[in-house]
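The values are calculated or read from the model by the stated rules, or taken from the named source; none is laboratory data. Since the structure is predicted, the reported quantities are computational estimates derived from the model, not experimental observations. Here the Cβ positions follow ideal geometry from the backbone for every residue, glycine too, while neighbour counts run over all protein chains shown. Surface areas here come from the heavy atoms of the whole protein model, side chains and all, with no ligands, DNA or RNA. Shrake-Rupley method; radii C 1.70, N 1.55, O 1.52, S 1.80 Å.
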Amino acid sequence: MNKKSISIVLPTYNERKNIKKIIIEIIKICEKNFDFFEIIVVDDNSPDKTYEEARKIKDNRIKVFVRKGERGLASAIKFGIENAKYKYVCVMDADFQHPPKFIPILYNKLIENDVDIVIASRFLRESKIYGFKIRKFFSKIAIYFISSFFPNLKNISDPLSGFFILNKEKIDLKNIRCIGFKFLFELLSKQKLKVIEVPFEFEKRRYGKSKMNLKEIINFIKLFFVLLIDTKEYKRLLKFSLVGISGIFINEFFLFLLTEYFNIFYVYSAIASFEISILWNFLLSEFLVFSDLRKKGLKNFFIRMIKTNLVRGVGIIVGLVTLIILTEIFKIHYLISNLFGIFAASIFNYILTMRKVYI
Ligand SMILES: Nc1nc2c(ncn2[C@@H]2O[C@H](COP(=O)(O)OP(=O)(O)OP(=O)(O)O)[C@@H](O)[C@H]2O)c(=O)[nH]1
Ligand SMILES: [Mg+2]
């Protein structure tokens, strides 16, 4: 039988009170479930000297790296994976939010299903989250939003998780830039990997303080834009916008044509030209924007056409509501409000088109 071996990466920054306890718990779990294991602590020269606490445990299966002059969770994770000696590498927080009892569960799933990565997800039906419900809410919104821009994230409930196991031989760390906290988000959006998720119980941080702060939220937004460029998904967005703008001209043209030359009442012409511009947008997007995501077959084509009409309907409502709120409540000039309305509707159209029509 194959021997079971695993490397465990623990990134730390000011986790003095947690580190020894979590290492001891991990050792207990690993001794029971694995033939060989190592624990890699990657500490960014914590002011509370977390690394000294870790080094107090005399065990040659524990390696403590202290990075001086570099800071950041994602880059600490990358560093840990690079320095792991075993093929299967589990990454987890050191504050007990990721209970060590799930390590063998993640490992077994990875082997049984022969996938590249198994994520411990906070957002599957059987998952449990103890602690801030508000964080859960914002994380869910963020996940919905980012998953609409990166097709690789399709069907992944928790691409922002910090608890996962991966097969080191299947991933390419070369182009991972490591901006801020979210290592997994970058890895998954850049590489097409075989992923499965398992539910877990996300506990409360046991000791010490969170390092999640405004700076990390800004880093997350920065990472989002950088990934749009790195994955070239920005091109899709740009093409979608250009097709949308062309639709405005088509709309105006048919409104003029039907009203002036066919003597149709302008409201009826407007309804007809709306539909014509939606179809125009749809056909152009099919070939220019979403050609790589389309499912084959005439039936699928018509289903997408109907869904696009519905999505555009929602877009129009979003645009109108924005226009009314900004004009009536914020007293902004209606022509300016309308620009914001068009912008909001376009973002909505894009997100819904990606999620409901193509991915
Ligand atoms: N090496 C290193 N580790 C970090 C850094 N920032 C955070 N960590 C570690 O990464 C893990 C996650 O950080 P947390 O502060 O717990 O972030 P969080 O889990 O999103 O926030 P809470 O839910 O409030 O705990 C912990 O083990 C931290 O010690 C860093 O800059 N460098
Ligand atoms: Mg934490």
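Taking the Cβ of Lys190 as the center, what net charge do the other residues with Cβ under 14 Å away carry, scoring Lys and Arg +1 and Asp and Glu -1? Net of charged neighbours comes to +2.
Computed packing ranks the peptides 266-272, 17-23 as 17-23, 266-272, most packed first, by mean other Cβ atoms within 10 Å. Packing, as the average of other Cβ atoms within 10 Å across residues, places the peptides 281-287, 4-10, 226-232 in the order 4-10, 281-287, 226-232, highest first. Accessible area per residue for the range 143-268, computed on protein heavy atoms with a 1.4 Å probe, is 56 Å².
A simple packing score, the average count of other Cβ atoms within 10 Å per residue, orders the peptides 141-147, 195-201, 125-131 as 195-201, 141-147, 125-131, with the highest score first. Mean separation of Cα pairs under 8 Å and 6+ residues apart, divided by the residue count of the range 302-359: what relative contact order is that in percent? Here the relative contact order equals 44 percent.
Which of Lys17/Lys211; Lys128/Lys356; Lys20/Lys209; Lys63/Lys211; Lys87/Lys109; Lys170/Lys222 have a Cα-Cα distance over 20 Å?
The pairs that break the limit, which is 20 Å between Cα atoms, are Lys128/Lys356; Lys63/Lys211; Lys170/Lys222.
Using the beta-carbon distance between Phe145 and Glu112 and R0 = 35 Å, what value does 1/(1 + (r/R0)^6) give for FRET efficiency, to the nearest 0.05?
On the way: r = 32 Å, r/R0 = 0.92.
Once the sixth-power term is evaluated, E becomes 0.60.
When both the range 139-171 and the range 252-282 are represented by their alpha-carbon centers, they are found 43 Å apart. Test of understanding: in a Gaussian network model of the chain with alpha carbons linked when under 10 Å, which of Ile276, Ile176, Ile329 would top the mean-square fluctuation ranking? Looking only at Ile276, Ile176, Ile329, the biggest GNM fluctuation is shown by Ile329.
When both bridge partners sit in the chain, DSSP labels roughly 25% of those beta bridges antiparallel.
Working from the alpha-carbon coordinates of the range 217-327, get Rg over Rh, Rh being the Kirkwood radius. Don't skip to the end; give the middle numbers.
Values: Rg = 17.3 Å, Rh = 16.3 Å.
On the Cα set of the range 217-327, Rg over Rh gives 1.06.
Using only the heavy atoms of the protein chains and a 1.4 Å probe, how would Asp114, Asp158 rank by accessible area, largest first?
Values: Asp114 95, Asp158 0 Å².
Final ranking, largest accessible area leading: Asp114, Asp158.
Only protein atoms count toward the accessible area here, which uses a 1.4 Å probe; on the chain, the carbon and sulfur part of that area reaches 62 percent.
Along each principal axis, taking the top coordinate minus the bottom one, the Cα set of the range 5-230 gives 47, 39, 35 Å in descending order.
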